[in-house]
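What follows is a short report on a single structure.
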Amino acid sequence: MLRLPVEQLDTESSSMRIKRLRSEVDVTKTGTTSRTLNFVRQEITRLGKNSKNIDPVARRLALTREIFGLTEKEFAERAGVLLGRYHQWESGSTPISLSSAVALCAAHGVTLDWLYRGKIQGLPLWLAVEIKVCSAMLGWDD
């Protein structure tokens with residue numbers, strides 16, 4: 001997990017922070033799993049030739065799952081969701097219901113604002129930073 005001094009976060013603009021993190025961060029660590037940012041990028045873009053065209057909620061689900069280093073099955077099971085249903089949400093073929101989104105948020109410590117609106121406020125700091133870095137590397141606005 002990436003840890004930054006609080007005073008450094010307060011004095012840097014977000015664009016400066018992203019540039020610095022791009023140069024410093026080469027490994028994303030979550031729990032016992034270490035994955036390079038390039039691996040996360042490959043996994044997200046494999047969902048479609050142009051990942052910018054995937055439903056934003058589906059992209060956020062996939063990005064969050066990849067940052068946590070979980071398979072679709074593991075991510076779904078922790079929230080008590082069937083794998084087939086979760087795969088439909090992450091692929092963007094079926095929209096996620098509010099009750100299912102709440103279950104995913106509760107199981108993984110993310111917010112509805114992140115899943116539905118792309119707002120990282122309220123997420124754990126380490127996750128917000130990793131989302132910001134990965135999103136910038138992928139060229140996503142949200």
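Any idea which of G69, G92, G118 is touching a helix residue (DSSP H, G or I) at 6+ places or on another chain (Cβ under 6 Å) and surrounded by fewer than 21 Cβ atoms within 10 Å (Cβ to Cβ)?
G92
Are there any helices (runs of 4 or more DSSP H) wholly within region 44-136 with 2 or more residues that are of a type in the set (K, R) and modelled with pLDDT of 95 or more, and if so which?
Those helices (runs of 4 or more DSSP H) span 72-78.
The values are calculated or read from the model by the stated rules, or taken from the named source; none is laboratory data. These numbers were taken from a predicted model, which means no experiment stands behind them. Positions of Cβ are generated from backbone atoms using ideal geometry, with glycine treated the same way; all protein chains shown enter the neighbour counts.
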